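Contents: one structure, followed by commentary.
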Amino acid sequence: MLQEDRHQRIRALLAALGRATTDGIALDLKVSRETVRRDVLALEARGELRRVHGGVMAITPDAEPPLAVRAKVRLEEKTRIARAAARLISPGQTLLLDAGSTMSVLARELATLSGLTIVTNSFEVATTIGSGIPRMNKVLVLGGELGETMPATFGAAAVSEVLRWQADIALLSPVGVDARYGATSFDVAEADLARAMATAAKRVFILADHAKIGLTSRVGFCPVERIDTLIIDARAEGSSALTALRSKIATVVVA
């Protein structure tokens with residue numbers, strides 16, 4: 001089994017179980033404990049899991065660091081993905097952006113463009129894109145309930161506002177994207193908002209670094225058949241999970 005396939009399997013185990021023992025992972029992967037140790041160290045260095053006595057634990061939303069800290073994890077990959085996404089955008093388009101560390105990076109790239117209408121629930125995205133003088137893009141922030149874990153709006157009011165739009169593209173970043181379950185999120189409110197954005201847009205772009213490929217979380221918001229373009233970084237190449245996604249998504253952009 002290739003290293004990236006082993007990593008994807010460890011991610012899937014943690015997504016399903018929350019924690020796993022070193023022996024259990026070795027048995028599941030049919031590899032040695034030493035191989036598991038190397039894989040776990042690599043995944044921990046990327047901020048994808050936490051080592052505990054005898055095994056590993058998933059980093060759940062309750063244990064996640066603040067958004068500003070998460071934004072530094074796989075920043076190089078997120079930056080390449082954001083630049084690739086920005087190259088697919090044209091002046092005059094209306095875009096829907098959800099909240100998260102990848103979207104914050106994308107906002108910096110979109111701020112260099114002009115003639116766009118950006119609709120978002122993220123205060124950070126709105127501030128980044130709208131802070132230029134003169135302002136080159138129109139930015140609208142969705143009303144709603146302030147999120148508990150990030151500076152963004154959620155809830156029924158935000159969803160209702162999204163569904164008023166007929167946007168050109170929704171640019172969304174999930175917890176994971178999988179050939180069977182599509183794009184998924186852990187948080188129900190975040191998933192509800194992202195689902196509304198996918199519904200309100202003519203096209204859906206999913207931005208996902210290699211750690212999210214093949215990963216599933218508990219709430220689906222966009223079936224794989226609804227994804228028009230998947231934008232990934234090169235480290236996702238070669239995994240069986242990506243091969244499965246390529247068979248179902250019309251366009252896969254490797255940044």
Notebook entry, point to check: Can you tell which of I206, I169, I232 is in contact with a helix residue (DSSP H, G or I) (Cβ under 8 Å, 6 or more places away or on another chain) and crowded, with 21+ Cβ neighbours inside 10 Å?
Noted result: I232
Next item on the list: Could you pull out every one of the strands (runs of 3 or more DSSP E) wholly within segment 184-255 that has 1 or more residues that are in contact with a Cys (Cβ under 9 Å, 6 or more places away or on another chain), of a type in the set (A, V, I, L, M) and in the same structural domain as A84 (by TED's automatic domain parsing)?
Entry: 201-207
Next item on the list: For segment 122-158, name all the residues that are of a type in the set (A, V, I, L, M, F, W, C), buried (at least 20 other Cβ atoms within 10 Å of the Cβ) and over 19 Å from the mean Cα position of the chain (by Cα).
Entry: I129, V139, L142, A158
Notebook entry, point to check: What is the residue count in segment 136-150 for residues that are part of a loop (DSSP other than H, G, I, E, B) and either modelled with pLDDT under 85 or in contact with a strand residue (DSSP E or B) (Cβ under 8 Å, 6 or more places away or on another chain) (or both)?
Noted result: 8
Next item on the list: Please verify whether segment 80-92 includes one or more residues that are of a type in the set (S, T, Y), within 24 Å of D178 (Cβ to Cβ) and modelled with pLDDT of 85 or more.
Entry: no
Note to self: All but one of (1) crowded, with 19+ Cβ neighbours inside 10 Å; (2) assigned to a strand (DSSP E or B); (3) modelled with pLDDT of 95 or more hold for V177; state the number of the condition that does not hold.
What the structure shows: (3)
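The values are calculated or read from the model by the stated rules, or taken from the named source; none is laboratory data. Treat the numbers as computed from the prediction; the structure is a model and nothing was measured. Here Cβ is always computed from backbone atoms with ideal geometry, including for glycine, and neighbour counts include all displayed protein chains.
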